[in-house]
Amino acid sequence: KRNRKKKTRNTEKEESLEETEKPEEKPVETAQTVGTKLLSVFKSNANGSTDAIANAIIEKGELPFAGMAMGVEPGLLNGFDNAEISGFKTGTVFAPMIGSIPFIGYIFELDDGVSAQEFISNLKKNANLRWNICVEADEMVTGNVGNKVFFVMCPKEFDEAE
C-alpha cells in the first residue's frame, strides 16, 4: 500500500513539474523581434506577388506606423549605400511614411537561375543599418520561400510611445 501511495505522489509531482515547465515556453514565443514576426507574415503570404506580400506585412505586421509599399527596380535601393542590387524580376519596398523611423523592408522575386542564398548574402554584405542619418536599425532579418526573398532592417521592438 505504501508503495502505491509513493507512486501516486511521485506521479503527482511529475505532473506538477510538467505544468510548471509549460509556462516557461511561452516567453520564447513572446520574445520574437519585430523582424522575426514580419518574417512569419512573409512566409504565410509568400504565394502572392511581391506587392501583395508587402501589403500583407503592412496590414498584418502590427506595425505602429502608417506604412506604404511601392515597386522597385534593380539598381540603387535605400539601405544599401552605393551598391546596385540586381538579380530580381520584381521587387517591392515597404516602409513607414515618416522617414525618421529606422525601418525598411523589401520583398524580391528573383530572376530564374538566381540563388536565393547568394542573393541574400549580397543583401547582407551591402546593407547599412545606419542608412538613415538620424537613426539606426537594431536588426537585419532575411529569409526566403522558393524564389521570393524577404529582407528587413528594423528595431528589435517598438516602444509603446512609437
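Points to keep in mind about this one:
- Any hit, segment 145-152, residues being among the charged types (D, E, K, R) and in contact (Cβ under 8 Å) with a residue 60 or more places away in the chain: yes
- Assessment of segment 28-43 against the conditions (loosely packed, with under 10 Cβ neighbours inside 10 Å, under 16 Å from the mean Cα position of the chain (by Cα), acidic (Asp, Glu) and modelled with pLDDT under 95) yields at least one matching residue.
Rundown of residues vs (1) under 14 Å from Phe42 (Cα atoms); (2) modelled with pLDDT of 95 or more; (3) among the β-branched types (Val, Ile, Thr), yes/no style:
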position: Leu76; (1), (2), (3): no, yes, no
position: Asn128; (1), (2), (3): no, yes, no
position: Lys148; (1), (2), (3): yes, yes, no
position: Phe158; (1), (2), (3): no, no, no
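- Residue check for Gly67: of a type in the set (Gly, Ala, Ser) and surrounded by 15 or more Cβ atoms within 10 Å (Cβ to Cβ): yes
- Residue identified as in contact with an Asp or Glu (Cβ under 7 Å, 6 or more places away or on another chain) and under 24 Å from Arg130 (Cβ atoms) among Leu76, Leu63: Leu76
- Test: Glu157 is open to solvent by 90 Å² or more (accessible area, probe 1.4 Å), out of contact with any strand residue (DSSP E or B) (no Cβ under 9 Å at 6 or more places or on another chain) and over 21 Å from Val34 (Cβ atoms): no
- The residues listed here are Ile98, Ile133; of these, the one that is assigned to a loop (DSSP other than H, G, I, E, B), open to solvent by 50 Å² or more (accessible area, probe 1.4 Å), in contact (Cβ under 8 Å) with a residue 12 or more places away in the chain and not hydroxyl-bearing (Ser, Thr, Tyr) is Ile98.
- Any hit, segment 102-112, residues being in contact (Cβ under 8 Å) with a residue 40 or more places away in the chain, farther than 18 Å from Gly75 by Cβ and touching a Leu at 6+ places or on another chain (Cβ under 9 Å): yes
The values are calculated or read from the model by the stated rules, or taken from the named source; none is laboratory data. Keep in mind that what you see is a predicted model, and the values were worked out from it rather than measured. Positions of Cβ are generated from backbone atoms using ideal geometry, with glycine treated the same way; all protein chains shown enter the neighbour counts. Note: areas computed on protein heavy atoms with side chains; ligands, DNA, RNA excluded. Shrake-Rupley method; radii C 1.70, N 1.55, O 1.52, S 1.80 Å.
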